[in-house]
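I have placed the structure first, in the form of structure tokens, so that the comments after it can refer back to it.
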Amino acid sequence: MRIAIFASGGGSNFQAIADACRTGEVPASVVLCVSSSANSGVCHRARTLDIPVFIVEGISDLETDELQAVLARHQVDFIALAGFMRKIPTSLVRAFENRMLNIHPALLPAFGGKGMYGNRVHEAVIAQGVSSSGATVHIVDEEYDAGPIVLQESITVLRTDTPASLAMRVLEVEHRLYPKAIDLFARKMIQISDREVIIQPKS
Ligand code: GRF
């Protein structure tokens, strides 16, 4: 499986996925980094690993034939979104139906949707006083954070947590969960029927 990771921030999930592929733990390769910010940490990480970077400036760039051509040139057959700060156009979602994942730093369907990203998620979790949070890997469809859920892992929200401390502990979960979800796709262990994600046993 040949993966393009779309990311705009520090790129710690990018790193976790790329590392898991490079050690052979996940039978796939990260062949492209698509970013909305040329100076982001993720671009730096990609260049260090010799992974090509493609910069998209705005939403319109995502709809151009150029991006489709870049994806085709690198023979990308799977997309992982990891903190990508642009809405994915419907054309791309459809082209990669059931082959595009996202990770969200909370237990969807709670604390998701438009405008719920970054620290806002953890602030809302703490403000609501819920006892658990965590991470969710889901399939990308045309709505924000609403696609079928592939994997979730929860952690306890501590009374002493700040948005920053919670974010840090959720990120640790993400770094385990995202490679694990991608591994299931790479090993063809996922079956999707309507909105149900069925994980097949290892053969
Ligand atoms: C993660 O918290 C992820 O859940 C969210 O964006 C953040 C990306 O972090 N979608 P990083 O750039 O991978 O460190």
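Among residues of the stretch 148-195 being outside any strand (DSSP E or B) and in contact with a Gly (Cβ under 7 Å, 6 or more places away or on another chain), the one that is nearest to Ile3 (Cα to Cα) is Val173.
The set of residues from the stretch 79-119 being outside the structural domain of Ala46 (by TED's automatic domain parsing), in a loop (DSSP other than H, G, I, E, B), farther than 12 Å from Ala135 by Cα and within 11 Å of the ligand (Cβ to nearest atom) comprises Met116, Tyr117, Gly118. Checked against (1) within 16 Å of the ligand (Cβ to nearest atom); (2) touching a residue at least 40 places away in the same chain (Cβ under 8 Å), Gln75 passes all but condition (1).
Using the structure shown, decide if Ala127 is assigned by TED's automatic domain parsing to the domain that holds Thr162, modelled with pLDDT under 95 and away from the ligand (no atom under 14 Å from the Cβ). No, not satisfied. Every residue in the stretch 173-202 that is modelled with pLDDT under 95 and closer than 21 Å to Ser29 by Cα, please. Scanning the stretch 173-202 gives a single hit, Lys202.
Do we have Glu174 as within 12 Å of the ligand (Cβ to nearest atom), touching a residue at least 24 places away in the same chain (Cβ under 8 Å), touching a helix residue (DSSP H, G or I) at 6+ places or on another chain (Cβ under 9 Å) and of a type in the set (Asp, Glu) here? Taking the combined requirement at face value, the residue satisfies it.
The values are calculated or read from the model by the stated rules, or taken from the named source; none is laboratory data. Please read all numbers here as calculations on a predicted model, not as lab measurements. For neighbour counting, all protein chains shown are included, and Cβ atoms are generated from backbone atoms with ideal geometry for every residue, glycine included.
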